[in-house]
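Reviewing the structure listed below.
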Amino acid sequence: MRKNTGRCLKICVAFFAINIVLFIGGCGGKTDPTFNIAGSWYIFHTTDVAKGEQGPDLFAFAQTDNDLTGTAPTGESITGSVSGLDVSFSWTTSVGGTNVTKNYSGEVSTDGTTISGTWSDSSNNRGTWNAIIKLNPLGNIQGVWNLTEPAGGVGGVQGFSFIQAQSGNDLAGSQTAQGDVEAITGIVTNPDIMFFWLGSDGTLYMFTGILNNVNNGVASEMSGTWTATNGQSGSWSATRSKNN
């Protein structure tokens with residue numbers, strides 16, 4: 001994934017009666033993509049027929065100008081487009097002998113390392129999705145973390161997170177932010193992290209952020225933003241426990 005530079009600025013002049021209208025950015029064409037998102041991406045998704053988050057599934061993308069192609073986790077070909085920070089793509093797969101077309105649309109983060117949006121398919125299923133680009137992780141972040149959000153935030157995510165296992169990019173652990181012990185699933189790349197847990201009330205909490213203060217392959221701080229399926233959201237930070 002790289003940021004695009006050197007875009008062409010087009011000026012179209014249209015005449016209607018005595019008015020002169022200047023169109024900057026092209027004559028009705030697509031906006032140049034902000035990023036080239038070519039590469040491998042881990043995608044988590046929710047569905048309206050089941051609680052929780054599913055994935056991560058590994059997608060591969062290639063991009064030429066606005067055109068997006070790629071391969072779905074089960075091998076089907078993907079086609080789509082990228083315009084500014086907006087991404088859309090689709091593919092057709094067989095489910096129980098019936099062809100189902102899946103349509104994803106979303107927005108790339110301003111640093112180009114995550115994407116989030118909504119999806120639907122031709123069987124009337126729908127949900128949300130979050131993606132994080134696959135890069136080699138800075139190091140292993142196993143251990144105990146003190147998780148907090150700023151005073152006055154909503155949702156109350158203060159607590160402890162236990163990153164109990166890391167295999168390459170994959171994370172597994174648990175948390176006690178709401179007093180219950182909930183399983184954590186996530187992905188860590190360089191330097192980004194994405195993880196989630198399902199609360200006892202069925203609320204899904206999704207966290208995205210970056211690793212901070214990394215020394216000798218060990219991060220001692222993390223921070224970012226979180227959203228929940230109950231409509232709440234906020235920022236978060238975490239520090240590695242001194243007992244690690």
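The values are calculated or read from the model by the stated rules, or taken from the named source; none is laboratory data. None of the values given here were measured: they were computed from a predicted structure. No Cβ is skipped: glycine too gets one built from the backbone with ideal geometry, and neighbour counts run over all protein chains shown.
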Whichever residue in segment 46-88 is modelled with pLDDT under 95 and crowded, with 19+ Cβ neighbours inside 10 Å and, among such residues, is nearest to Trp197 (Cα to Cα): Glu53
Trp41 being out of contact with any Pro (no Cβ under 8 Å at 6 or more places or on another chain), in a strand (DSSP E or B), under 30 Å from Ala219 (Cβ atoms) and among the hydrophobic types (A, V, I, L, M, F, W, C): yes
Tally of residues being modelled with pLDDT of 90 or more, under 11 Å from Ile141 (Cα atoms) and buried (at least 19 other Cβ atoms within 10 Å of the Cβ) across segment 206-221: 1
Residue list for segment 99-135, restricted to those being over 16 Å from Met194 (Cβ atoms), assigned to a strand (DSSP E or B) and among the polar types (S, T, N, Q): Asn99, Thr101, Asn103, Ser105, Thr118, Ser120
Enumeration of residues in segment 229-244 that are surrounded by fewer than 18 Cβ atoms within 10 Å (Cβ to Cβ) and either outside any loop (DSSP other than H, G, I, E, B) or over 20 Å from the mean Cα position of the chain (by Cα) (or both): Ser233, Gly234, Ser235, Ser237, Thr239, Ser241, Lys242, Asn243, Asn244
Residue match in segment 90-101 (condition: touching a Phe, Trp or Tyr at 6+ places or on another chain (Cβ under 6 Å) and surrounded by 14 or more Cβ atoms within 10 Å (Cβ to Cβ)): no
